[in-house]
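Nothing in this text is a laboratory measurement; each read-out follows from the coordinates by a stated rule. This one's a predicted model, so the numbers in the text were calculated from it and none came from an experiment. Reconstructed Cβ throughout: ideal geometry from the backbone, glycine too, with neighbour counts over all protein chains shown.
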Amino acid sequence: MGPRRKLAILFYLSAVVLPAAVVDRIAVIVDKTVITESEVLHELRLEAFMNGEPLQAGPDQRRAAAERLVDQQLIRKEMVTGGYRQPTDADVEAVLRTVKRQQYSTESAYSEALVHYGISEEELKKYLRWQVQALAFTESRFQTNLPDLQSTDTQSAHRSETNLDEQMSAWLKEARSQARIRFKKGAFQ
């Protein structure tokens, strides 16, 4: 048996024996952090689940999800350098109970929704953990500049929330200007 034939047989056997690798395309690069297309789609599924909306994964929705993931990455970077509080498992469980109670009449309806959106409860918990963590970061990072967040006056509370949103938007704009962000065109077509 010649060397070419041995090589051909070895190649054939490796193709049969080795599992196929799933290739996930890059959607965005934030500094040195890669966000993949599957992460963008995962964000879309979680967002649709949380809002009780149909999953829409068109180019505009994928781009918007990618933009949210970029913002999340910038916040994570700031959180690492700032030493912000991590939510406890009890915090996450409390939010999960609230989601279940407010959005699903039964445990089976909740389970069916998880299956429908293609997410697991552990993935949802991870998402909720991030939501709790991001909220704590936002409140901690910008609270010192906010007027009376404890006010019961609805108009004052709305102004405080608007002020918080404006501060967060300004901070994100600044953080984006300091980061190297590259969107890959093919991921959003």
| Length-normalised contact order of segment 17-116 in % [C-alpha pairs under 8 Å, at least 6 apart] | 20
| Among the lysines, which have Cα under 23 Å from the Cα of K126 when same-chain residues fewer than 8 positions away are ignored? | K32, K77, K100
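Place the peptides 66-77, 96-107 in order of packing, highest mean first, counting for every residue the other Cβ atoms within 10 Å and averaging per peptide.
In descending order of packing, they fall as 66-77, 96-107.
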| request: Provide the FRET efficiency to the nearest 0.05 for the L172-V115 pair, computing r from the beta carbons and using R0 = 30 Å. | output: 0.30
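By per-residue mean of other Cβ atoms within 10 Å, what is the highest-first order of 133-139, 40-46? Write down the numbers at each step before the final one.
Working: 133-139: 16.0, 40-46: 20.1.
Ranking the peptides 133-139, 40-46 by packing returns 40-46, 133-139.
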| task | Could you tally the net charge around V95, taking each other residue with its Cβ under 13 Å from the Cβ of V95, Lys/Arg +1 and Asp/Glu -1? | result | +2
| query | Arranged by the count of other C-beta atoms within 10 angstrom, fewest first, what order do K184, K32, K126 take? | reply | K32, K126, K184
